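Notes to accompany the following structure.
The values are calculated or read from the model by the stated rules, or taken from the named source; none is laboratory data. These numbers come from a predicted model, not from an experiment. All Cβ positions, even for glycine, are placed from backbone atoms using ideal geometry, and neighbour counts span all protein chains on display. Keep in mind that these areas ignore ligands, DNA and RNA; they rest on the heavy atoms of the full protein, side chains included. Shrake-Rupley method; radii C 1.70, N 1.55, O 1.52, S 1.80 Å.
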Amino acid sequence: MLRRVSVDSLMPYVGVFILIFTGSAFFPQVLSVDYLTQQLQIAAFLGLLATGATIVILLGHIDLSVPWVLTGAAILSTALVGSGNPVLGALAIPAALAFGALIGMINAAGVAILRIPSMVWTLAMNSMLLGLAVLNTGGFNPRGESSELMITMASGDLLGLPVSFLIWIVISLALTWLLTRTPFGRYLRSIGYNEKATFLSGVSTPSVLFAAFAIAGMCSALGGVMLAGYANQAYQSMGDPFLLPTIAAVVIGGTSILGGRGGLFGTIGGALFITLLTSILSVMQIGDAWRNIIFGVIILVMLLFQTLRKGAPT
């Protein structure tokens, strides 16, 4: 099993090097430090979303509320900053993270207590968040602005590396420790393999689900805060383009969509691969429709690859 995970998680990194050197043959700027640094900055936004998605997918579930948890957190944080009240402005980021955790726990309640399939429940939550946002803004772009801290988190640099990238890596390392060195991580993977058997062994599976979905919600919310800092505003549907790339990054990183197998090391590579691929497709002036087709094909190919490897003799 360890050998399989290692091979699967290394594949996106191989893909990244192939993209860099293939792309540089047509666009020499791909090898420039400025270009690669910019890609690390942009990858951090997708990477945070994919980090949270990995936690949920390891459970054998999926969170389709990512787009509007992201957008809702961005709207909330910029509205608090734009209120002009220093106290509310200081609470912008904590409030956004609390919002993400709350939505995550509501998602967990639907899945763990009401036993509604996660795909259905989280998609419904995404739709309701969309409706609430439209009611709140009247269909117009929300008012507000980003704080200096939000802008620094999104666009600042430290020792030549983007602050956003460093935040993403620190969070990934902390969650990797949680997944590999604590009972929570063992229980989470065990639920992904067989939830019923894990429950019968005495594990409080609802508690694990609540914690996992809350972590995913906070990752999505933090991604929204940083995107708002990058754009210096929040806007309607800012999270919609991220759903398919988020799932693609997780699957490309070797995490099984059925749960129980995978990790954040592969997800980091998957996010870098998707970001670089998107950039190169943009330079080649490939439209959004074809990009979605390409992402869909990549997901299907990786799922097929995982299925074949799972059935292969060891």
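In region 92-150, the residue that is surrounded by the fewest Cβ atoms within 10 Å (Cβ to Cβ) out of those that are more than 13 Å from residue 71 (Cβ to Cβ) and polar (S, T, N, Q) is 147.
Within region 178-219, restricting attention to residues that are assigned to a helix (DSSP H, G or I), among the hydroxyl-bearing types (Ser, Thr, Tyr) and open to solvent by 50 Å² or more (accessible area, probe 1.4 Å), the residue that is nearest to residue 69 (Cα to Cα) is 207. Scanning region 135-156 for residues that are in contact (Cβ under 8 Å) with a residue 12 or more places away in the chain and either among the acidic types (Asp, Glu) or assigned to a helix (DSSP H, G or I) (or both) turns up 136, 137, 145, 149, 150, 151, 152, 153, 154, 155.
Check region 33-42 and report whether any residue there is within 14 Å of the chain's Cα centre (by Cα) and open to solvent by less than 20 Å² (accessible area, probe 1.4 Å). Within region 33-42, none of the residues are within 14 Å of the chain's Cα centre (by Cα) and open to solvent by less than 20 Å² (accessible area, probe 1.4 Å).
Does any residue of region 259-275 turn out to be more than 21 Å from residue 174 (Cα to Cα) and open to solvent by less than 30 Å² (accessible area, probe 1.4 Å)? Yes, that holds for at least one residue. Annotation note: of 237, 256, 279, the sole residue that is open to solvent by 10 Å² or more (accessible area, probe 1.4 Å), part of a loop (DSSP other than H, G, I, E, B) and more than 16 Å from residue 62 (Cβ to Cβ) is 237. If you check residue 273 against the conditions, is it in a helix (DSSP H, G or I), at pLDDT below 80 and within 22 Å of residue 39 (Cβ to Cβ)? So residue 273 does not fit the description; no. Can you confirm whether region 225-232 contains a residue that is in contact (Cβ under 8 Å) with a residue 40 or more places away in the chain and either touching a Pro at 6+ places or on another chain (Cβ under 7 Å) or closer than 13 Å to residue 66 by Cβ (or both)? The answer is yes; a qualifying residue exists.
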